1. All but one of (1) under 30 Å from ALA176 (Cα atoms); (2) without any contact (Cβ under 8 Å) to a residue 12 or more places away in the chain hold for ILE105, so report the exception by its number.
2. Output yes when any residue across region 205-212 is in contact with a helix residue (DSSP H, G or I) (Cβ under 9 Å, 6 or more places away or on another chain) and more than 18 Å from TRP170 (Cβ to Cβ), and no when none is.
3. What do you reckon, is GLU106 within 25 Å of LEU69 (Cα to Cα) and surrounded by fewer than 19 Cβ atoms within 10 Å (Cβ to Cβ)?
4. From (1) over 18 Å from TRP62 (Cβ atoms); (2) under 24 Å from the mean Cα position of the chain (by Cα), pick out the condition that doesn't hold for TYR119.
5. Right, ALA18: at pLDDT 70 or above, assigned to a helix (DSSP H, G or I), touching a Cys at 6+ places or on another chain (Cβ under 8 Å) and on the phi < 0 side of the Ramachandran plot or not?
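The values are calculated or read from the model by the stated rules, or taken from the named source; none is laboratory data. These numbers come from a predicted model, not from an experiment. Because the Cβ atoms are built from the backbone with ideal geometry, glycine has one as well, and the counts that use them run over all protein chains shown.
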Amino acid sequence: LTPLQATAQEIDNSAPVAERVKWLSALAWPALWNLKRQLAMRYLNMGVAGSALKICEEVFLWEEAVDCLLAMDKKSRATKLVRERLEISPTANLYCQMGILTQGIEWFEKAWEFSGKRYARAKRLWAIAAFELGDYQACLKHFQDGLNINPLFPSAWFRMGVAALRIEDWKTAKRAFIQVTSQEPSEGESWANLCAVYDKLKQPRAAFNAICEAVKYHRSNWKIWENYLTFCLREKEWSLAIDALNSLIDLRVGYGGKSKKDGEVDVPALVIIVEALVSENQQAYLIPADDSKIVGTDERSIAIKKNKFLCRTLN
C-alpha cells in the first residue's frame, strides 16, 4: 500500500497536467487514474472506505464509489448516485447495483438485456434473488446462464448445488458440487454435500470417497465425522471406522454440551465394529441404505439413525 500511495503522490506533484499531456505517449504505464483506482480498492479492502470514496470521486470512478458508499452503509446516497449515473451513462453494472440497493429483480433483467445477454454477474445476482424467494427452478436456470459465460465462480456453483438439493435434482447437484471441488479442493462442505448426492444416486463407493475428502478438510466438524463413520461401516473399512469413532468421542467431549450425545460412545457403531473383528468370517451386520432392513437378532438389532448430511445454511 505505501509504495503505491507514494507513487500516486509523486505523479501528482511531478508536473502540471498540461505539461504531462505533451508527453502522453512517453508516460510510464499504468496511467495515474489506474494507480489511484488500485489504491482506492486497497483502501476499501482494508475497511478505509472514506478514503477510498474520496479517491474514486477524484478520478470519476462512480461504480467503485457506489461500492464505497455501500461499505459505509450510506444506501440512500448510493441510490441517488446510481440513479444520476444511469441517466447520464448507463452500464450493466450500474443496473446490477440498483438491483442490489432496491432488491428489485427487474434491475438484473435490465442489466442482462442491456449487455446483450453477456454480463454474467447480472444472471448470478438474479439467481441469488430467485434463491432467496424460494424459486429454485428459476434459480438453477439463471445460474446456468451465468456460469455458461464464466464458470470460475465456486460460490455460485455451491449455491446452485444447494438449490438443486432443495428440489431433489440430484444430477444437477452432482455437477455443481463437482465444479466446486474442482475449483476449490479444500471446500469440505461441498465434499460432504457431494457425498449426499452420490448416496441418493446409489453410488456408495463414490459417496465414501467424497466423505473421506470432506473429513480431511473439516476435522473439527462432528456431523461430518458421523457421516464418515456410517460410510466406513457400510464399506466395511473397519480400521477407518475405529479412527472415526475415536475422533467422534474426542469431539463430543470437546464441544461441551453441543452434541446430542455428549461424551457418549456410539454404541450401535461399536457393536458393528466388534462383531466384524471377532467374528470368524469377519462378517458384521450390514447397513443398507434403508435402515428398516438392518439384519440382526432382536437383542442385537440396531436402529441406525438416518444420515444427516451437512449443508451450508444460506440466509
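1. Answer for ILE105: the failing condition is (2).
2. Keep residues of region 205-212 that are in contact with a helix residue (DSSP H, G or I) (Cβ under 9 Å, 6 or more places away or on another chain), which gives 205-212.
Filter again for more than 18 Å from TRP170 (Cβ to Cβ), leaving 212.
Yes, region 205-212 contains at least one residue that is in contact with a helix residue (DSSP H, G or I) (Cβ under 9 Å, 6 or more places away or on another chain) and more than 18 Å from TRP170 (Cβ to Cβ).
3. On the way: within 25 Å of LEU69 (Cα to Cα): yes; surrounded by fewer than 19 Cβ atoms within 10 Å (Cβ to Cβ): yes.
When the stated conditions are applied, GLU106 passes them.
4. (1)
5. On the way: at pLDDT 70 or above: yes; assigned to a helix (DSSP H, G or I): yes; touching a Cys at 6+ places or on another chain (Cβ under 8 Å): no; on the phi < 0 side of the Ramachandran plot: yes.
So ALA18 does not fit the description; no.
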